[in-house]
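First up is the structure itself, then whatever we jot down about it.
The values are calculated or read from the model by the stated rules, or taken from the named source; none is laboratory data. What you see is a predicted model, and the numbers here were worked out from it, not measured in a lab. Here the Cβ positions follow ideal geometry from the backbone for every residue, glycine too, while neighbour counts run over all protein chains shown. Calculation scope for accessible area: heavy atoms of the full protein, side chains included, ligands and nucleic acids excluded. Shrake-Rupley method; radii C 1.70, N 1.55, O 1.52, S 1.80 Å.
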Amino acid sequence: MRFRTSLTFTSAILVAGLALSACGVSADEDSSSAGGSTAAAGPVSGLRILVPNSPGSGYDQTARAAAKAMQDAKLATTIEVFNAAGAGGTVGLQRLVNEKGAEDILMQMGLGVVGAVYTNKSKATLNETVPIAKLIEESEAIVVPKDSPYTSLDQLVTAWKADPGKLAVGGASNPGGPDHLTPMLLAKAVGVTPKDVNYVAYDGGGELLTGVLGNKLAFAATGISEVAEQAKNGDVRILAVTSANPVEGVDAPTLKSLGIDMEFTNWRGIVAPPGLSAEKTAQYVDLLTKMHASEQWKKTLADQGWTDAFQTGDEFKAYLTAQNESVAGVLKELGLTS
């Protein structure tokens, strides 16, 4: 079996055992209802986008980039992006589910929330939400501090295999999220027992980057867009990327080119609260479809190094269902859930 969209692993692994500034007001943990219009004509107004992670995280970057693109393309006005972080995104998910029937709120989410639902035993699930659109896919990066003794992935893996517990690996995901699954799958691929991995979870990409820059970690796994600029500036070194092909503008080999039979791609999308009317669902699908076609969004994809992976409505719903099943299976095979 081979997963070829987003949660992507080679059959060999499974058989073996397996940025941007805010557009509108930004708040840390709360926001007031803006009461978006249900009219389909004209720009959408009063929209709130909930980010279930901290400022500076991949979700935060994506939500703010989407909000800016929609506003710059005059598709929406007064978009409020706000953060409700905690428990790998399930705090935000619970908040969204609690807003059943609300027509002025959407939530940025992705693979990390899918995994966190399982590992945190969340009462709220993504099955309760209304899928609106999948937006992007993104490679993960294996990153070390600029003065790390490991100048190649081979050196890092050799040290890791010798003493897995000694090397702390960080990620901006709770267990089950992409930054957690990446080193676990990498461990499996190179012969390290996943349960022996010393994984340190950070609440968002900003905090993770601080840990890397402060030499608190031997290495980290994170979305490529969260460290690409720092790598260009020489603040960190990217030893490898997890995508099937090299990432444009990033001077780093793929895992497969280094002889490691593993591919992994993260993804992000948008969901709405339970009980959203069919009319409002169609309006939001139309809004994001128009954003996807805009020159502003095309430029954002190029600037961020994100891969276009647009899906809407029923197609995204089917994809999300498949991802739920895939993540559950992988977590169980890795011994991370029962």
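General remarks:
- Of the residues in the range 35-43, none is out of contact with any Asp or Glu (no Cβ under 9 Å at 6 or more places or on another chain), open to solvent by less than 20 Å² (accessible area, probe 1.4 Å), modelled with pLDDT of 90 or more and of a type outside the set (S, T, N, Q).
- Pick from the range 242-265, criterion aliphatic (A, V, I, L, M) and over 13 Å from Trp306 (Cα atoms), ranking: surrounded by the most Cβ atoms within 10 Å (Cβ to Cβ): Leu255
- So Ala228, is it of a type in the set (Gly, Ala, Ser) and within 19 Å of Ser139 (Cβ to Cβ): yes
- In the range 95-110, the residues that are at positive phi reach residues that are open to solvent by 10 Å² or more (accessible area, probe 1.4 Å) and not in a strand (DSSP E or B) with C-beta atoms within less than 6 angstrom, at least six apart or across chains, in these pairs: Gly101/Gly275.
- Whether a residue is assigned to a helix (DSSP H, G or I), under 16 Å from Met109 (Cβ atoms) and more than 16 Å from the chain's Cα centre (by Cα) was assessed, and Thr321 passes this test.
- Of all residues in the range 166-182, those satisfying the criterion of being within 12 Å of Phe219 (Cβ to Cβ) and surrounded by 24 or more Cβ atoms within 10 Å (Cβ to Cβ) are Val169, Gly170, Gly171, Asp179, Thr182.
- Screening Pro145 against (1) within 23 Å of the chain's Cα centre (by Cα); (2) closer than 21 Å to Tyr59 by Cα leaves a single unmet condition, (2).
- The strands (runs of 3 or more DSSP E) located wholly in the range 190-304 that include 3 or more residues which are of a type outside the set (Gly, Ala, Ser) and more than 18 Å from the chain's Cα centre (by Cα) occupy 236-241.
- For the range 282-320, the set of residues classified as at pLDDT below 95 and over 19 Å from Glu140 (Cα atoms) consists of Gly313, Asp314, listed by residue number.
- Listing of helices (runs of 4 or more DSSP H) fully contained in the range 73-168 that carry 2 or more residues being under 26 Å from Ala278 (Cβ atoms): 90-98, 111-119
For (1) charged (D, E, K, R); (2) open to solvent by 60 Å² or more (accessible area, probe 1.4 Å), each residue gets a yes or a no:
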residue: Ala159; (1), (2): no, no
residue: Met184; (1), (2): no, no
residue: Lys188; (1), (2): yes, yes
residue: Val197; (1), (2): no, no
residue: Gly206; (1), (2): no, no
residue: Gly211; (1), (2): no, no
residue: Ala221; (1), (2): no, no
residue: Glu226; (1), (2): yes, no
residue: Ala231; (1), (2): no, no
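- Residue match in the range 99-120 (condition: surrounded by fewer than 24 Cβ atoms within 10 Å (Cβ to Cβ) and over 26 Å from Asp314 (Cβ atoms)): yes
Every residue, every condition in (1) modelled with pLDDT of 95 or more; (2) not aliphatic (A, V, I, L, M), yes or no:
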| site | (1), (2) |
| --- | --- |
| Asp104 | yes, yes |
| Val113 | yes, no |
| Tyr118 | no, yes |
| Val144 | yes, no |
| Ala162 | yes, no |
| Leu167 | yes, no |
| Ala172 | no, no |
| Asn198 | yes, yes |
| Asp203 | no, yes |
